[in-house]
Amino acid sequence: MNTHRLLLVDDNNMSLKLLKTICDSEGYDTITANDGKEAMDILLTDKIDLIVTDVLMPNIDGYYLCYKVRTN
């Protein structure tokens with residue numbers, strides 16, 4: 001089993017479920033978020049090894065999410 005924790009961020013529920021299913025089947029521990037705001041809340045409390053994010057999302061988009069991760 002993989003010990004890496006992934007954060008999957010997408011406002012499209014079908015895409016998010018598909019990506020989660022694929023990552024789970026490979027043994028990754030996955031957490032999902034529906035937008036950048038929810039992802040940022042998760043990042044404050046959980047240790048994440050990799051973020052896979054959509055770019056265009058409501059509230060906080062993927063570009064700003066990446067900027068905040070890089071600057072913190």
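The residue that is farthest from Thr45 (Cα to Cα), counting only those in the range 24-35 that are more than 12 Å from the chain's Cα centre (by Cα) and in contact (Cβ under 8 Å) with a residue 24 or more places away in the chain, is Glu26. So which pairs qualify, if the first residue must be in the range 1-18 and charged (D, E, K, R), the second must be open to solvent by less than 30 Å² (accessible area, probe 1.4 Å), the Cβ gap must be under 6 Å, and the two must be at least 6 apart or on different chains? As it stands, the answer is Asp10/Leu16; Asp11/Asp35; Asp11/Met57, since those pairs meet every condition given. When the residues of the range 8-31 are filtered to those that are closer than 17 Å to Val69 by Cβ and in contact with an Asp or Glu (Cβ under 8 Å, 6 or more places away or on another chain), the one that is surrounded by the fewest Cβ atoms within 10 Å (Cβ to Cβ) is Ile31. Annotation note: of Leu44, Leu7, the sole residue that is of a type outside the set (Gly, Ala, Ser) and in a helix (DSSP H, G or I) is Leu44. Within the range 50-72, being among the hydroxyl-bearing types (Ser, Thr, Tyr) and closer than 23 Å to Asp29 by Cα holds for one residue alone: Thr53. Considered as a group, the residues in the range 52-67 that are over 13 Å from Asn34 (Cβ atoms) and in a helix (DSSP H, G or I) include one that is least open to solvent (accessible area, probe 1.4 Å), and that residue is Cys66. So, Met14, is that one of a type in the set (A, V, I, L, M, F, W, C) and not in a loop (DSSP other than H, G, I, E, B) or not? Spelling it out, Met14 is indeed of a type in the set (A, V, I, L, M, F, W, C) and not in a loop (DSSP other than H, G, I, E, B).
The values are calculated or read from the model by the stated rules, or taken from the named source; none is laboratory data. All of these numbers come straight from a predicted model, not from anything done at the bench. Cβ coordinates were reconstructed from backbone atoms using ideal geometry, including for glycine residues, and neighbour counts include every protein chain displayed. Surface accessibility is based on the protein's heavy atoms, side chains included, excluding ligands, DNA and RNA. Shrake-Rupley method; radii C 1.70, N 1.55, O 1.52, S 1.80 Å.
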